[in-house]
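The values are calculated or read from the model by the stated rules, or taken from the named source; none is laboratory data. It should be emphasised that the depicted structure is a prediction, and the values quoted were computed from it without experimental measurement. No Cβ is skipped: glycine too gets one built from the backbone with ideal geometry, and neighbour counts run over all protein chains shown. To get the accessible areas, we keep the full protein, side chains included, count just its heavy atoms, and leave off ligands, DNA and RNA. Shrake-Rupley method; radii C 1.70, N 1.55, O 1.52, S 1.80 Å.
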Amino acid sequence: MTFYTARRRLFGAASSLALIGSLTLGALASSYASTQTTSGQLGLTNLTPPASIADSASSQLTRRFWDELQLESQDAWTKLRDDFQWQNEAMNARVQEWIEYYRSKPENIVEITERARPWIAWITQQVEARGLPGEIALIPFVESSFDPKARSHFGAAGLWQIMPRTGDALGLQRNSAWDGRVDVVKSTKAALDYIEMQADEWYDGDLMLSLAAYNAGAGNVNRARRSAQSRGLGGSYWDLRLPKETMAYVPKLLAISQIINDPEHYGIALPEIDGNAAFAKIALTNPISLAQAATMAGVSTSELAELNPGLKSSTIDPSHSQQLLVPADKAATLREGLASLSSGREAINIAANTSQTGMHVVQHGDTLSKIALKHDLSMTDLARWNGISNPEALQPGQQLTLSGS
């Protein structure tokens, strides 16, 4: 929803409220006037309804209006449709071609939109907050079929199919434990930043040209634009001669948005998805294993892993990501668990790392060699006593015995 759309809706709602209020008060006044006309025959000529009646009616009307507005629940698709801005482009022949293609494979649309369940409401919120056309929230449909773990032969990854060098430029960290391009929250912000930046820098705010550049690279689009202008054309997306994939990129996006805008017309049954974000963000200050976090939240490890696809190891390390995504209805439970864990951490640290206890509690940054050196032990013995076959698999909080007895 653009600023102008938002303002129009706000003023529209206010105007409607004022109009309804005027009509209601007018009816009250008319009724009261009728009574007063009769009374006027007895010498009473005040036709103005008492302030208490007007104030009470206005107050009740306002309260009822906002109560109903707050109780109104929209699903994810309705909210998305409210933000569409490019539906007038659907009559383009290239768009119609892709509408027919998608229409012929309704099971594919259902499968992909079902896969969007954890993400679509939240992504729509991010797109709307920037005032961008709602259609942009469907780019992952075209790029990755809404699969966060999708990877191309060319190295692109994630919902938004971000290339490694592009990800580096956008600040998406990559290492053996983490890939920010695959993290939905971080990659969505980066992709939207990139699309807006290109539109402003190269195309005078033209988002369709920016989407073409997102797919084919700004250099290719800029050359195609200059070529179109040399032929006397305006240089809009529809004027450009681009690689086949990019020629289809925006038409695909507009086609799927047109179908989602009116699924019944196209014989498509979209899955029911709540309009609120399906996940919540939990701040992390210390490393924690995915299994431990899942246990605290009361969900399966696999469910938590699906919400955090950027994680490439079994431990979440705040040096890579300072937040963990959990199902929205489990957020309070996990926060309570983490608070309890944090309060007990100090007590653990007091007893940790002392040979007098005969145990060592693994801390963040510990390695088997460091622990062995600290306690004047052989690394081989330490590994054997604790059944460690992979020294790289140490986890913070893990307890190691410091003797073979």
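Only residues that are closer than 14 Å to residue 308 by Cα and among the small types (Gly, Ala, Ser): list them for the range 166-204, please.
Initial filter on the range 166-204 (closer than 14 Å to residue 308 by Cα): 177-188.
Listed by number, the residues that qualify are 177, 180, 187.
Could you check the range 123-149 and list, in sequence order, the residues that are open to solvent by 20 Å² or more (accessible area, probe 1.4 Å) and either within 14 Å of the chain's Cα centre (by Cα) or under 23 Å from residue 303 (Cβ atoms) (or both)? Break it down into steps so the answer makes sense when it comes.
Taking the range 123-149 and keeping what is open to solvent by 20 Å² or more (accessible area, probe 1.4 Å), we get 125-126, 128-131, 142-143, 145, 147, 149.
If the condition is that a residue be open to solvent by 20 Å² or more (accessible area, probe 1.4 Å) and either within 14 Å of the chain's Cα centre (by Cα) or under 23 Å from residue 303 (Cβ atoms) (or both), then 125, 126, 128, 129, 130, 145, 147, 149 are the ones that fit.
Sort out which residues of the range 311-341 are touching a Lys or Arg at 6+ places or on another chain (Cβ under 8 Å), outside any loop (DSSP other than H, G, I, E, B) and among the polar types (S, T, N, Q), and write them in order of number.
Selection gives 323 alone.
Please specify each residue of the range 378-405 satisfying the condition of being more than 16 Å from residue 363 (Cα to Cα), polar (S, T, N, Q) and not in a loop (DSSP other than H, G, I, E, B).
380
Might you check whether a residue that is touching a residue at least 60 places away in the same chain (Cβ under 8 Å), aliphatic (A, V, I, L, M) and in contact with a strand residue (DSSP E or B) (Cβ under 6 Å, 6 or more places away or on another chain) occurs anywhere in the range 187-208?
No, the range 187-208 contains no residue that is touching a residue at least 60 places away in the same chain (Cβ under 8 Å), aliphatic (A, V, I, L, M) and in contact with a strand residue (DSSP E or B) (Cβ under 6 Å, 6 or more places away or on another chain).
Just wondering, is there one or more residues in the range 72-91 that are open to solvent by 40 Å² or more (accessible area, probe 1.4 Å) and either within 13 Å of the chain's Cα centre (by Cα) or among the β-branched types (Val, Ile, Thr) (or both)? Write out each step before concluding.
Of all residues in the range 72-91, those open to solvent by 40 Å² or more (accessible area, probe 1.4 Å) come to 72-75, 78-79, 81-82, 85, 87-89, 91.
Checking the rest, the ones that are also either within 13 Å of the chain's Cα centre (by Cα) or among the β-branched types (Val, Ile, Thr) (or both) come to 78.
Scanning the range 72-91, I find at least one residue that is open to solvent by 40 Å² or more (accessible area, probe 1.4 Å) and either within 13 Å of the chain's Cα centre (by Cα) or among the β-branched types (Val, Ile, Thr) (or both), so the answer is yes.
Looking for something under 30 Å from residue 337 (Cα atoms), touching a Leu at 6+ places or on another chain (Cβ under 9 Å) and without any contact (Cβ under 8 Å) to a residue 40 or more places away in the chain - is there at least one such residue anywhere in the range 239-248?
Checked the range 239-248: no residue is under 30 Å from residue 337 (Cα atoms), touching a Leu at 6+ places or on another chain (Cβ under 9 Å) and without any contact (Cβ under 8 Å) to a residue 40 or more places away in the chain.
Residues that are under 13 Å from residue 277 (Cβ atoms): find the helices (runs of 4 or more DSSP H) completely inside the range 116-170 holding 3 or more of those. Break it down stepwise before answering.
Numbers: elements: 120-129, 139-144, 164-169.
Per the criteria, 120-129.
Here's a check for you: in the range 284-314, which residue that is under 23 Å from the mean Cα position of the chain (by Cα) and among the β-branched types (Val, Ile, Thr) is surrounded by the fewest Cβ atoms within 10 Å (Cβ to Cβ)?
The extreme case among them is 285.
Collect the residues in the range 171-187 that are assigned to a loop (DSSP other than H, G, I, E, B) and of a type outside the set (A, V, I, L, M), keeping them in residue-number order. Talk me through it step by step, then tell me what you get.
In the first step, residues of the range 171-187 are kept if they are assigned to a loop (DSSP other than H, G, I, E, B); the result is 171-173, 175-177, 180-183.
Answer for the range 171-187, where residues must be assigned to a loop (DSSP other than H, G, I, E, B) and of a type outside the set (A, V, I, L, M): 171, 173, 175, 176, 180, 181, 183.
Identify, by number, the condition in (1) touching a Gly at 6+ places or on another chain (Cβ under 7 Å); (2) buried (at least 18 other Cβ atoms within 10 Å of the Cβ); (3) among the hydrophobic types (A, V, I, L, M, F, W, C); (4) free of Cβ contacts under 8 Å to residues at least 40 places away in the same chain that residue 162 doesn't meet.
Evaluating residue 162 over (1) touching a Gly at 6+ places or on another chain (Cβ under 7 Å); (2) buried (at least 18 other Cβ atoms within 10 Å of the Cβ); (3) among the hydrophobic types (A, V, I, L, M, F, W, C); (4) free of Cβ contacts under 8 Å to residues at least 40 places away in the same chain leaves (1) as the failure.
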